[in-house]
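The values are calculated or read from the model by the stated rules, or taken from the named source; none is laboratory data. Everything numeric in this text was worked out from a predicted model, so none of it was measured. Ideal geometry is used to build each Cβ from the backbone, glycine not excepted, and the neighbour counts take in all protein chains shown. These area figures cover heavy atoms from the full protein model, side chains too; ligands, DNA and RNA do not enter into them. Shrake-Rupley method; radii C 1.70, N 1.55, O 1.52, S 1.80 Å.
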Amino acid sequence: MMELIKLIRKNIMDLAPYSTARDEYKGEIGVYLDANESPYANGFNRYPDPYQQELKSVIARMRQVSPENVFLGNGSDEAIDLLYRIFCEPRLDQALAIRPSYGMYAVAARINDVRLIEADLTDDYQLDAEALLQAVTPRTKLIFLCSPNNPTGNLLNKREVMRVLEKFDGIVVIDEAYIDFSEDRGFVPVLNRYANLVILQTLSKAWGMAGLRVGMAFSSPEIISCMTKVKYPYNINGVAQKLAIGELLGQQLQKELQLREIISQRELLLKELKKIGYIENVYPSDANFILIKVPGATRLYHHLIEKKRIIRDRSKVFKCADTLRITVGTPGENRELVEILKNYK
Ligand SMILES: *Cc1c(COP(=O)(O)O)cnc(C)c1O
């Protein structure tokens, strides 16, 4: 059984968070002369809610969890950085991530001076829990998994993920940035079953709000309150909070239809790409992008740039030689891309 207190750095355990003006007076009405703001209303002259209570309650309802299970960050990248800062003693502790996967786990590790060990996925980009757990040392505090994985697009095998959750005496982070593109509901429905689980999601992908910078972490109230204590008080600005609430409450049907269109376009694109002879492999996808393997991938990448179509060259990524990652666009954008690819060579 995991002991959270032993995992959290002592300086963080002992930390008394900065107390904002809004912490000291929690009433609603009155004349605010407590925060040195400008008194002249323009829609954003007041500091925003540091606890993002309204946005949190909308997201909590959407994901059927309690608001105490929700942390909001300036993108989920903020949550990744905070987890290192809370659990990993710089230069002493270690983290573990799968490879290939999202690059931010390694960048945030380097920034925090934490050694990141990477455990290889299998040749079909699957998680081998035993191999991963072999790389755990007494100093391993965090494990980063990503499902559906970026840049490969596949969901990680659930049974293997559960093995890691059950066997590892530290924090398991599952990055579900792309879960809404999948049939699978991910790990939020079983959040309460694992004390060491942190799930990352984001409004940046399926929700269409990358420009607002709102990411979520779902975890136990203990871990969430620790993240809240360490974050900057006003990490989500007031305009982003307001716009995100408006989008989540107002455009539900439209968002649902857009999501379904992206998924059906992904299926169509998968089918069309498989028909192109020179494409050696089209990997299965549970996300809004498709990884393909093409001999001379970088040459094709530059050809597409000449045609003003920008995709991502992943050729230099581990186990991804000669691969390109294509984001699913509108039906018109996808059709044109397929035409350009068919006419290549
Ligand atoms: C895009 C992406 C994110 C980034 O999310 P933000 O909320 O925009 O910071 C996180 N994880 C993965 C795997 C991603 O691909």
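Per residue, the accessible area of the chain comes to 51 Å² when a 1.4 Å probe rolls over the protein heavy atoms. Which shape class, rounded, prolate or oblate, goes with region 166-223 when its Cα gyration tensor gives a ≥ b ≥ c as root eigenvalues, a/c under 1.5 marks rounded, and past that a/b bigger than b/c marks prolate? In terms of gyration-tensor shape, prolate.
Which one of 147, 288, 48 is farthest out on the positive end of the charge dipole of the chain, using unit charges on Cβ (Lys, Arg +1; Asp, Glu -1) and the Cα centre as origin? Towards the positive end, the residue furthest out is 288. Shape of region 230-345 from its Cα gyration tensor (a ≥ b ≥ c, root eigenvalues): rounded if a/c is under 1.5, otherwise prolate when a/b > b/c, or oblate? In terms of gyration-tensor shape, prolate.
Kindly sort 175, 313 by accessible area of their heavy atoms, largest first, with the probe set to 1.4 Å. Show your work: numbers first, answer last.
Values: 175 10, 313 35 Å².
The residues order as 313, 175, largest area first.
Coupling constants for region 285-293 follow from the phi torsions by the Karplus curve (6.51 cos²θ - 1.76 cosθ + 1.60, θ = phi - 60°), and in residue order they are 9, 10, 10, 9, 8, 10, 9, 10, 10 Hz; glycine and proline get x. Rounded to the nearest 10 square angstrom, residue 339 shows an accessible area of 90 square angstrom against a 1.4 Å probe.
Solvent-accessible surface of protein heavy atoms, probed at 1.4 angstrom with all chains present, puts 118, 160 in the order 118, 160, largest first. The calculated P(r) of the chain, using every Cα pair and 20 Å bins from 0, goes 28, 54, 18, 1 in percent.
Counting other Cβ atoms within 10 Å of each Cβ, which chymotrypsin sites (Phe, Trp or Tyr not before Pro) in region 278-308 have at most 16 and sit in a DSSP loop? It would help to have the intermediate numbers written out before the result.
Working: sites: 278, 289, 301; in loops: 278.
For chymotrypsin sites (Phe, Trp or Tyr not before Pro) across region 278-308 that sit outside H, G, I, E and B with at most 16 neighbouring Cβ atoms in 10 Å, the list reads 278.
How much of the accessible area of the chain, probe 1.4 Å, is carbon plus sulfur, in whole percent?
Values: 9060 of 17500 Å².
Roughly 52 percent, rounded to a whole number.
Using a ≥ b ≥ c from the Cα gyration tensor of region 1-76 (square roots of the eigenvalues), is it rounded, prolate or oblate, where a/c under 1.5 gives rounded and otherwise the larger of a/b and b/c decides, a/b for prolate? It is oblate, given that a/c is not under 1.5 and a/b is not larger than b/c. Coupling constants for region 208-215 follow from the phi torsions by the Karplus curve (6.51 cos²θ - 1.76 cosθ + 1.60, θ = phi - 60°), and in residue order they are x, 10, 4, x, 7, 6, 10, x Hz; glycine and proline get x. Any of 229/255; 255/308; 56/167; 271/316; 231/319 with alpha carbons more than 29 Å apart? Name them for me. In this structure, 229/255; 56/167; 231/319 lie more than 29 Å apart at Cα.
Top to bottom by accessible area (1.4 Å), largest first, where do 137, 202 land?
Working: 137 45, 202 10 Å².
The ordering from most to least exposed comes out as 137, 202.
Simple point charges give the picture: +1 on the Cβ of Lys and Arg, -1 on the Cβ of Asp and Glu, and for the chain a dipole about the Cα centre of about 760 debye.
A dipole drawn for the chain from +1 and -1 charges on Cβ atoms has a positive end, and of 157, 246, 64 the residue lying farthest that way is 157. What the phi angles of region 156-172 give under the Karplus curve with 6.51, -1.76 and 1.60, with θ = phi - 60°, is a coupling list of 7, 4, 4, 5, 5, 4, 5, 4, 5, 4, 7, 9, 8, 8, x, 8, 10 Hz, glycine and proline written as x. In a DSSP loop and with at most 16 other Cβ atoms within 10 Å, the chymotrypsin sites (Phe, Trp or Tyr not before Pro) in region 187-239 are 234.
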